[in-house]
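Participant: The structure is given below, and queries will be raised subsequently.
What follows is calculated from the coordinates using simple rules that are stated; it is not laboratory data. Remember, predicted model here, so these are calculated numbers, not experimental data. When we count neighbours, we look across all protein chains shown, and the Cβ atoms used for this are built from the backbone with ideal geometry, even at glycine.
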Amino acid sequence: MKIEVLGNEKTVIAFLLAGIGGSVVGSREDVLRIVEESKDVNVFLVVDEYYPYGYDKDLPILIRIPGRR
């Protein structure tokens with residue numbers, strides 16, 4: 001199972017140091033685009049400010065995580 005994080009630069013860097021890859025995003029539309037284009041990732045950790053509410057697909061799984069404010 002592959003996991004990636006989507007969020008701001010500091011969050012992505014922190015997860016990279018822990019061994020989890022990711023992408024820096026700037027909007028909810030960026031998140032949806034990355035999720036739809038990615039075929040090998042099963043779980044995305046998404047910073048709450050970019051979490052696409054209303055996402056209703058079973059896979060990949062999106063998990064909302066707190067961000068820095």
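Participant: Averaging sequence separations of C-alpha pairs under 8 Å and six or more residues apart, then dividing by the length of region 3-65, give the relative contact order as a whole percent.
Facilitator: Values: 94 pairs, mean separation 22.0, N = 63.
It comes to 35 percent, rounded to a whole number.
Participant: Let me ask you something else. Before rounding to the nearest 500, sum -39500 (n - 2.57) across all DSSP H runs of length at least 4 in the chain and divide by the residue total; then give [θ] at 222 nm in deg cm²/dmol. Kindly include the intermediate steps, with their values, before the conclusion.
Facilitator: Values: 2 runs with 19 residues, N = 69.
After summing the helix terms and dividing by the residues of the chain, the value is -8000 deg cm²/dmol.
Participant: Here are several values of percent of Cα pairs over 14 Å apart: [x] 70; [y] 52; [z] 56. Which one was derived from the coordinates shown?
Facilitator: [y]
Participant: Non-local amide H neighbours of R64 (under 5 Å, H modeled in plane, Pro and chain starts lacking H): which ones?
Facilitator: Sorted by chain and number, the residues that satisfy this are V46.
Participant: Let me ask something additional. Show me, for region 31-46, the HN-Hα J-couplings you get by feeding each phi into the Karplus relation (A = 6.51, B = -1.76, C = 1.60, θ = phi - 60°), rounded to Hz, glycine and proline as x.
Facilitator: Going residue by residue, I get 4, 4, 5, 5, 4, 5, 7, 7, 9, 9, 9, 9, 9, 10, 9, 10 Hz, with x marking Gly and Pro.
Participant: What's the FRET efficiency of A18 with I61 using the Cβ-Cβ distance as r and R₀ = 22 Å, to the nearest 0.05?
Facilitator: Details: r = 19 Å, r/R0 = 0.86.
Between A18 and I61 the formula returns 0.70.
Participant: 7 Å from Cα along Cα→Cβ at both Y53 and K2: what's the point-to-point distance in nm?
Facilitator: 3.1 nm
Participant: So, R0 is 30 Å and r is the distance between the beta-carbons of R68 and K39; what FRET efficiency does that work out to, to 0.05?
Facilitator: With R0 = 30 Å, the Cβ-Cβ based efficiency is 0.50.
Participant: Provide the percentage of antiparallel DSSP beta bridges, counting only those with both residues in the chain; round to the nearest 5.
Facilitator: Numbers: 0 of 13 bridges.
Once the DSSP bridges in the chain are tallied, antiparallel ones form about 0 percent.
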